[in-house]
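These notes are about the structure you will find just below.
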Amino acid sequence: MDLHLDIQKILVSEEQLSAIVERLAKEVSRDYADKKLLLVGILKGSVVFMGDLMKKLTIPSQIDFMKVSSYGSGTRSSGYVKITLDLLRDDLESTDILIVEDIIDSGKTLSALTKMLDARGARSVRTCTLLDKPSRREVAFTPDYIGAEIPDEFVVGYGLDYNEDYRTLPFVGVLKEEIYRK
C-alpha cells in the first residue's frame with residue numbers, strides 16, 4: 001500500500017520540518033540553559049518530532065512520556081481528556097517540564113494537561129508543538145513554542161496519523177477527504 005497516494009498535497013516538507021526543529025531546539029536550549037529540563041512527549045504522535053528535537057538540543061535534558069487522548073478514532077476532538085499512561089515522578093518540584101506535542105487543535109487537551117502538571121507541583125510547565133491550528137481553538141490556550149501555524153486541514157505524516165496509519169511519512173501532508181470520510 002503506497003500511503004503517498006492518499007495525500008492531497010504536502011503541507012510541510014522534510015526540509016521545512018528540519019528547519020523548524022532546528023529553530024525550536026535553539027529556542028528551547030536558550031530558554032532552559034540553567035534548568036532541569038524534562039521533555040514529556042505525548043504518545044504516539046509526538047515521537048518523531050520529539051526524537052528529532054532532543055537530538056538538536058545543546059543542553060542536558062531528560063525524557064518521559066504520557067499517553068493522553070481526546071480523539072478516539074475520529075477526526076475531531078471529543079473534548080474529554082483521557083490519560084492512559086501517566087507521568088509518575090517524585091521530583092516535579094525541581095523539574096521544568098516541556099510538554100512536546102505534534103499538533104494543537106482545540107487546545108483542550110494541552111490546556112488540561114498543563115494545569116494538571118502545574119497542580120502536581122512542577123517547577124514550571126510549558127508547551128512545544130510542531131503544528132498549531134489556532135482557527136480550531138475552543139479554549140484560551142497558546143503554546144509557548146510553535147513550529148508552524150497551519151490551516152484547518154486534516155494532516156498526517158511525521159508522527160501524525162489517521163487510524164494509526166501515515167505516521168511514517170517523512171513530511172506533513174493533507175489527507176485526501178475521501179480517505180477519512182468513508
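The values are calculated or read from the model by the stated rules, or taken from the named source; none is laboratory data. None of these values were measured; they are calculated from a predicted model. Just the protein is used for accessible areas: all its heavy atoms, side chains included, with ligands, DNA and RNA removed. Shrake-Rupley method; radii C 1.70, N 1.55, O 1.52, S 1.80 Å.
Quote the relative contact order of the chain in percent (integer), defining contacts as alpha-carbon pairs under 8 Å separated by 6+ residues.
25 percent
Check GLY107: other-chain or 5+ apart residues with amide H under 5 Å from its amide H, H built from backbone geometry?
GLU138
By how many degrees, between 0 and 90 and to the nearest 10, does the Cα long axis of helix 47-56 differ from the longest principal axis of the chain?
That helix lies at roughly 50 degrees to the long axis.
Once the convex hull of the alpha carbons of the stretch 59-182 is built, what does its volume come to per residue, in cubic angstrom?
Output value, Cα hull per residue: 121 Å³.
Whenever you get a sec, compute what percent of the accessible area on the stretch 1-42 sits on carbon and sulfur atoms (1.4 Å probe).
50 percent
Beyond a 26 Å Cα-Cα separation, which of these cross-linked pairs lie in this structure: LYS9/LYS82; LYS36/LYS67; LYS9/LYS108?
LYS9/LYS82; LYS9/LYS108
What whole-number value in Å² describes the accessible area per residue of the chain for a 1.4 Å probe?
50 Å²
Would you mind checking the tilt of helix 14-31 against the longest principal axis of the Cα atoms of the chain, expressed as 0 to 90 degrees and rounded to 10?
The answer is roughly 10 degrees.
If I histogram all Cα-Cα distances within the stretch 1-46 using bins 5 Å wide from 0, what percent of pairs lands in each bin?
P(r) for the stretch 1-46, in whole percents per bin: 4, 15, 14, 19, 20, 11, 7, 5, 4, 0.
Go through the stretch 151-162 residue by residue and turn each phi into a ³J(HN,Hα) via Karplus (6.51, -1.76, 1.60, θ = phi - 60°); whole Hz please, and just put x for glycine and proline.
Karplus-based 3J(HN,Hα) across the stretch 151-162 equals x, 6, 10, 7, 10, 9, x, 6, x, 7, 10, 10 Hz.
Report the extension gain between GLU93 and LYS44 in nm, rounded to one decimal, defined as 0.36 nm multiplied by the number of residues separating them, less their alpha carbon distance.
15.0 nm
Output wanted: per-residue J couplings in Hz (rounded whole) for the stretch 81-88, from phi through Karplus 6.51 cos²θ - 1.76 cosθ + 1.60, θ = phi - 60°, x for Gly and Pro.
In residue order, the calculated couplings are 9, 10, 9, 10, 9, 9, 8, 10 Hz.
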